[in-house]
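Trainee: This is the structure I want to talk about, given as structure tokens.
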Amino acid sequence: MGTPSILHLQIDPRSGFPVYRQMMDQIKYYIASGTLKAGDQLPSIRELAQMLAVNPTTVVKAYSELQGESVIEIRHGKGAFITESALRIPLRERDQTLRRLARQLVVESKQMGAPKDLVMRVVKEQLDEIHGDHEQFKDRRVP
């Protein structure tokens, strides 16, 4: 399998989150959304560092953390690949990630002056749109 052409990571220096963490969260998002599947190859460290204009050691840290969480497998000389186990996110980690993303949304929407009802409506629309197309978002327990 190859790298999906729709993999576009974006770094927000104002987010308050470390760059490597932003990369990790976005890769996990692509997995959860079904964009990245088991066996898909991620860009090389050099390619991703150039794409994002970051130091290659930042990509190494993100990839190392993802490997430590069994999200990716690094095959020396071949690259980084999404693992089967990446499709199973532990409930505690999912909860923490959702809370972090929700907080980021709330902070940014407040800075924009968006009313609460608009934020809630947009989130509900997105949930309905995604849940209608992707059954993998149902609550599932990991052994």
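Trainee: Counting every Cα pair in the range 19-87, what percent are over 17 Å apart? Could the numbers behind the result be given before it?
Mentor: Details: 793 of 2346 pairs.
Value for the range 19-87: 34 percent of Cα pairs lie more than 17 Å apart.
Trainee: Applying 1/(1 + (r/R0)^6) with R0 = 22 Å to the Cβ-Cβ distance of V107 and V60, what FRET efficiency is obtained, to the nearest 0.05?
Mentor: Working: r = 29 Å, r/R0 = 1.32.
The pair V107/V60 has a calculated efficiency of 0.15.
Trainee: Would you list L127, L7 from fewest to most Cβ contacts within 10 Å? Write down the numbers at each step before the final one.
Mentor: Details: L127 11, L7 16.
In order of increasing Cβ crowding within 10 Å: L127, L7.
Trainee: For R75 and R99, what is the calculated FRET efficiency with R₀ set at 30 Å and r taken between the beta-carbons, to the nearest 0.05? Could the numbers behind the result be given before it?
Mentor: Details: r = 33 Å, r/R0 = 1.11.
Given R0 = 30 Å and the Cβ-Cβ separation, E is 0.35.
Trainee: At a 10 Å Cβ-Cβ cut-off, how would you order M24, M112, fewest neighbours first? Present the calculation step by step, with values, prior to reporting the outcome.
Mentor: On the way: M24 22, M112 9.
Final ranking by Cβ density, sparse to dense: M112, M24.
Trainee: Taking the alpha-carbon distance from K78 and a cut-off under 23 Å, which lysines remain once sequence neighbours fewer than 8 residues away in the same chain are dropped?
Mentor: Within the straight-line cut-off, K78 pairs with K28, K37, K61.
Trainee: Report, ordered by chain and residue number, the lysines lying within cross-link reach of K110, taken as a straight Cα distance under 18 Å and ignoring same-chain residues fewer than 8 apart.
Mentor: List returned: K124.
Trainee: Next question, about the same structure. Between Q10 and A53, what length in nm is gained on full extension when 0.36 nm per residue of separation is reduced by their alpha carbon distance? Can you show the working numbers first?
Mentor: Working: separation 43, 0.36 × 43 = 15.48 nm, distance 1.02 nm.
Length gained, Q10 through A53: 14.5 nm.
Every number here is computed from the coordinates shown, using simple stated rules; none is lab data. Given the structure is predicted, the values throughout are model-derived calculations rather than measurements. Every residue, glycine as well, gets a Cβ built from its backbone with ideal geometry; the counts of neighbours run over all protein chains shown.
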